[in-house]
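Novice: Handing you this structure, nothing more for now.
The values are calculated or read from the model by the stated rules, or taken from the named source; none is laboratory data. Since the model is a prediction, treat every value here as computed from it, not as a measurement. Cβ coordinates were reconstructed from backbone atoms using ideal geometry, including for glycine residues, and neighbour counts include every protein chain displayed.
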Amino acid sequence: MIGSLILLFALTTLYMSATSRIKAYIKIVSLQGVILFLILFFRADNIFSLNFIFLAVETLLVKAVVIPLFLSNVLGKSAVLRESDPRIPNFYSLVISSLVLFSGFIISNLHSDIFEQITPLYFGISISTIFISLFIITSKKNILTHVVGYIMMENGIFLLSLSVAKEMPMVVNMGVLLDLFIAVFILGLFISKINSAFEETNIHSLTSLKDYGDDD
């Protein structure tokens, strides 16, 4: 069951690289949060432990509900509904992401005897997700897409932590969640300010910014 959930997580990553609709990005982020919760649920030895309860709130409530609702609210204030004119066409993005995912899985299996504490399926897909999210951030132009890519990268890091150890320290969990909150909300406010000043939330709009009072 856990293996099927991890493969489903990998498929959501590939879908993220193939689509251009920003609303679909937000739905995928929410779905990944649910998948991470289910993986935790089936792995947990004690579902009443404080660590599991914290991780359940982080994945099911924050990742699957709170952050997608916040991003949907930001999207509702923006006139841009899809990623227009990406640096790399969606088909080639899908091909590159598939190669990265396949390579990560193969490499993790080839070197599984070196790291006995690492589960190859977790490790391969989580590392691939991190690299694919970085690729999405660099290949897309919309700022909101960059925020979604950052969240997907954090989901990959979360999955990677599950591949290394069965339990994560509570302090690490709180640090990761705090960083995610700060990044998403600050970037969300930043997007709102950009949208109020420009017609499009495109990163090329940032090139026209300059210091106040600059006459050049």
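Novice: Going residue by residue through region 82-90, is there one that turns out to be surrounded by fewer than 18 Cβ atoms within 10 Å (Cβ to Cβ), at pLDDT below 85 and in a helix (DSSP H, G or I)?
Specialist: Scanning region 82-90, I find at least one residue that is surrounded by fewer than 18 Cβ atoms within 10 Å (Cβ to Cβ), at pLDDT below 85 and in a helix (DSSP H, G or I), so the answer is yes.
Novice: Let me ask something additional. Does region 31-40 contain at least one residue that is assigned to a loop (DSSP other than H, G, I, E, B) and modelled with pLDDT under 85?
Specialist: No, region 31-40 contains no residue that is assigned to a loop (DSSP other than H, G, I, E, B) and modelled with pLDDT under 85.
Novice: I've got another one for you. Can you find even one residue in region 31-47 that is surrounded by fewer than 17 Cβ atoms within 10 Å (Cβ to Cβ), more than 24 Å from Tyr122 (Cα to Cα) and touching a Lys or Arg at 6+ places or on another chain (Cβ under 8 Å)?
Specialist: The answer is no, given that none of the residues of region 31-47 is surrounded by fewer than 17 Cβ atoms within 10 Å (Cβ to Cβ), more than 24 Å from Tyr122 (Cα to Cα) and touching a Lys or Arg at 6+ places or on another chain (Cβ under 8 Å).
Novice: A follow-up question, please. Given Val29, Val66, Val62, which one is under 15 Å from the mean Cα position of the chain (by Cα) and without any contact (Cβ under 8 Å) to a residue 40 or more places away in the chain?
Specialist: None of the other options fit; the residue is Val66.
Novice: Which of (1) among the hydroxyl-bearing types (Ser, Thr, Tyr); (2) modelled with pLDDT of 80 or more; (3) in contact with a helix residue (DSSP H, G or I) (Cβ under 6 Å, 6 or more places away or on another chain); (4) surrounded by fewer than 17 Cβ atoms within 10 Å (Cβ to Cβ) is the odd one out, the single condition Ser112 does not satisfy?
Specialist: Of (1) among the hydroxyl-bearing types (Ser, Thr, Tyr); (2) modelled with pLDDT of 80 or more; (3) in contact with a helix residue (DSSP H, G or I) (Cβ under 6 Å, 6 or more places away or on another chain); (4) surrounded by fewer than 17 Cβ atoms within 10 Å (Cβ to Cβ), only one is false for Ser112: (2).
Novice: Which ones in region 135-154 are in contact (Cβ under 8 Å) with a residue 40 or more places away in the chain and aliphatic (A, V, I, L, M)?
Specialist: Ile136, Ile143, Leu144, Val147, Val148, Ile151, Met152
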